[in-house]
């Protein structure tokens, strides 16, 4: 029989990892390895869970650090169950501290561990989330924009309005679950005997089945459709920011729709750069203009602005155009500044007159 892997190696954490580090590592691996996900691995998923159950309990972790995989015997539990008092008939595991991960284990064992909690209608997950990108030009990111969004995804069937029945047909009580939406069963698992509550496979947790299935969605209550709506992009949005639009993902029968996650991609503008809520640009002037002062036309997101450049301005000087930058996302009416770097162009060729004047000036 192959030796068990070290629990810390399984979770990919050092032996001095904090409780939070262990929990984060477990959540990440559980998401990746869950058997219902594409590329999931049930054997590794169980291995990760076994490691987490041992290392997330301070007493078990202490015994494991001292005795290794023989820690259950060292703790006086016996019986070959690596989780001591958790084993045995009617065993119940509390996954409440893991938030949504209680559902992960419920799905793995066909329901909710211990027979309580979120079976039936309450245990079903929401619709699938959708991710997409939206492209903005620089000014749209600064001032905000209304962007059209087109989706082709599962939506509530318009023919049956989501109940799965052909229009005019009745809904009957499900014979599998007797209208409860739930079925109960007992399973033998690596953790002991579990009584589980699962969503009824025949009615999907509704407790009712259609007398005649809808011809459009074949009784699923869902149908792929094209959807279009306008997404309002707030002023001041930055490149790479992801907006969450609640309820605009795919529909799910008997549950809420998923969410839409839109990542903003901003096309660079050769004239401007952004630094927080400030906009940066450059202006070039001649040596004489720098010495004597001048007024230069400077492009801004509000249009061209006449910028007064004082006499004696040095190369690399930064001049400020107040409130010509990016609107603050959280402070209505407030804006950053536009900062202009002055480049002084030194002539490479001089006329005799220009050279004479400069030589006289330098004496």
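No lab work stands behind these numbers, since they all come straight from the coordinates. Note that the structure is a prediction, hence the values are computed from the model and not measured. No Cβ is skipped: glycine too gets one built from the backbone with ideal geometry, and neighbour counts run over all protein chains shown.
Assuming 0.36 nm per residue, please report the length gained on full extension of the stretch residue 238 to residue 131 beyond their Cα-Cα distance.
36.8 nm
Give me the distance between the Cα centres of region 5-42 and region 281-322, rounded to whole Å.
Their Cα centres are 57 Å away from one another.
Could you check the simple spin-label distance between residue 5 and residue 314, using points 7 Å along Cα→Cβ, in nm with one decimal?
Rounded to a tenth, the inter-label distance reads 6.1 nm.
Set the Förster radius R0 to 41 Å, insert the Cβ-Cβ distance between residue 360 and residue 270 as r into 1/(1 + (r/R0)^6), and round the FRET efficiency to 0.05.
About 0.50, to the nearest 0.05.
Taking 0.36 nm per intervening residue step and subtracting the Cα-Cα distance, what contour gain separates residue 353 from residue 329 on full extension?
Result for the pair: 3.1 nm of gain on full extension.
Once both labels are modelled 7 Å past Cα along the beta-carbon direction, what's the residue 224-residue 62 spacing in nm?
5.7
Beyond 15 Å, how much of the Cα-Cα pair distribution for region 164-267 remains, as a whole percent?
Taking all Cα-Cα pairs of region 164-267, the fraction more than 15 Å apart is 75 percent.
Quick one: work out the % antiparallel among DSSP beta bridges in region 273-362, nearest 5.
65
Using 0.36 nm per residue, how much length does the chain from residue 255 to residue 150 gain when fully extended, once their Cα-Cα distance is taken away?
35.5 nm
Treat each spin label as a single point 7 Å out from the Cα along the C-beta direction, and report the residue 343 to residue 263 distance in nm.
Calculated label separation equals 3.3 nm.
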